[in-house]
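Below is one structure; the comments refer to it alone.
The values are calculated or read from the model by the stated rules, or taken from the named source; none is laboratory data. Please read these numbers as outputs of a predicted model, since none were measured by experiment. Glycine also receives a Cβ, built like all others from the backbone with ideal geometry; neighbour counts cover every protein chain displayed. To get the accessible areas, we keep the full protein, side chains included, count just its heavy atoms, and leave off ligands, DNA and RNA. Shrake-Rupley method; radii C 1.70, N 1.55, O 1.52, S 1.80 Å.
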Amino acid sequence: MTISRFAPSPTGRLHIGHAFSALFAARAAGRAGGQFLLRIEDIDAGRCRREFEDAIYADLTWLGLAWERPVRRQSEHLADYRAALDKLSEISVLYPCFCTRKDITREIEAAGRAPHGPDGPLYPGTCRALSAGERADRLAAGAPHALRLDMARAASLAGPLTFSDRERGTIAVDGAGCGDVVLARKEVATSYHLAVTVDDAIQGVTLVTRGADLLHATHVHRILQALLGLPAPDYWHHRLLTGADGRRLAKRDRSLTLAALRHAGKSPAQVRAMAGFPD
Ligand code: GLU
């Protein structure tokens with residue numbers, strides 16, 4: 001059975017781009033006679049707000065969407081992410097990173113060159129090179145740190161992998177493009193990459209639909225699935241809606257939030273049509 005999901009973060013109001021994504025996921029499941037799930041990605045307590053979560057439920061319902069219950073709220077499942085981190089730690093693919101953002105910038109400037117990933121320069125690996133003694137001393141002193149994935153080791157343990165994308169076909173996994181991603185931070189006990197991978201498996205998601213801007217992340221998720229012994233879903237990275245200026249929609253496009261469109265008198269059917277789902 002096809003199980004898809006929409007997984008927004010409650011950090012603001014949903015806009016027409018989110019509506020596209022949600023309708024896309026629901027239609028993919030609906031056409032296959034499957035199930036559509038909703039997940040609230042609220043691990044970053046500093047940025048997520050309950051009022052935005054409530055607005056997500058209201059906006060999606062207004063749009064005509066219905067999802068299977070219960071809704072999975074990531075903040076209620078930190079133990080699942082902890083268990084996954086423990087598993088990764090046992091196979092020695094994690095290391096503590098004590099760098100601040102400033103340290104990383106300085107290191108990259110000093111190196112004079114920096115391979116770039118999708119979110120800017122890749123982490124230069126400073127803390128990967130620390131000796132076991134140095135690491136232990138800093139941990140014992142209570143130095144704040146994040147946990148990073150040693151991507152080269154992770155990729156070599158996982159071996160050659162592929163994932164399947166409904167539009168692009170079979171894609172060979174290349175984790176190096178994302179570098180040593182952060183899997184947990186001192187203030188947030190997990191990261192996007194880890195929580196999404198664990199949740200899609202726990203929720204039995206068989207088809208992950210999301211924007212093509214997250215295609216790079218799937219390489220990381222596929223490696224994590226292999227290391228954690230989780231099943232690999234199919235993927236469908238869809239196009240991103242753009243505004244009248246051709247740029248992708250963002251928080252600045254306030255007139256295109258579902259709330260603003262509703263207040264401007266648009267009906268759910270009109271908004272669905274605007275998002276490209278007239279039926
Ligand atoms: N929460 C992510 C976002 O709002 C999407 C999660 C995913 O589909 O991987 O962009």
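Residues being without any contact (Cβ under 8 Å) to a residue 24 or more places away in the chain and touching a strand residue (DSSP E or B) at 6+ places or on another chain (Cβ under 6 Å): count how many of those fall in segment 192-214. Reasoning before the result, please.
Filtering segment 192-214 down to residues without any contact (Cβ under 8 Å) to a residue 24 or more places away in the chain leaves 214.
Now drop any that are not touching a strand residue (DSSP E or B) at 6+ places or on another chain (Cβ under 6 Å), which leaves none.
Within segment 192-214, residues that are without any contact (Cβ under 8 Å) to a residue 24 or more places away in the chain and touching a strand residue (DSSP E or B) at 6+ places or on another chain (Cβ under 6 Å) number 0.
Just to check your reading of the model, which residue among G169, G177 is more than 14 Å from the ligand (Cβ to nearest atom) and modelled with pLDDT under 95?
Details: G169 fails: modelled with pLDDT under 95.
Only one candidate qualifies: G177.
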Which of the residues spanning segment 151-189 are among the polar types (S, T, N, Q) and under 15 Å from L227 (Cα atoms)? S156, T162
Suppose we filter A114, A195, A136 for residues that are surrounded by 14 or more Cβ atoms within 10 Å (Cβ to Cβ) and part of a helix (DSSP H, G or I); which single one remains? A195
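From the list A29, A25, exactly one residue is away from the ligand (no atom under 13 Å from the Cβ), open to solvent by less than 30 Å² (accessible area, probe 1.4 Å) and modelled with pLDDT of 95 or more. Which is it?
Details: A25 fails: away from the ligand (no atom under 13 Å from the Cβ).
The match here is A29.
From the list V182, V205, which residue is away from the ligand (no atom under 14 Å from the Cβ) and open to solvent by less than 60 Å² (accessible area, probe 1.4 Å)? It would help to see each step written out before you state the result.
Numbers: V205 fails: away from the ligand (no atom under 14 Å from the Cβ).
Every option except V182 fails the conditions.
Does segment 35-56 hold any residues that are open to solvent by 30 Å² or more (accessible area, probe 1.4 Å) and within 13 Å of the ligand (Cβ to nearest atom), and which are they?
The first filter runs over segment 35-56 and keeps only residues open to solvent by 30 Å² or more (accessible area, probe 1.4 Å), leaving 35, 43-47, 49-52, 54.
Of everything in segment 35-56, those that are open to solvent by 30 Å² or more (accessible area, probe 1.4 Å) and within 13 Å of the ligand (Cβ to nearest atom) turn out to be I43, D44, R47, F52.
Of all residues in segment 231-242, which are among the aliphatic types (A, V, I, L, M) and crowded, with 17+ Cβ neighbours inside 10 Å?
Correct list: A232, L241.
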Inside segment 57-77, can you point out the residues that are surrounded by fewer than 17 Cβ atoms within 10 Å (Cβ to Cβ), within 14 Å of the ligand (Cβ to nearest atom) and hydrophobic (A, V, I, L, M, F, W, C)? V71
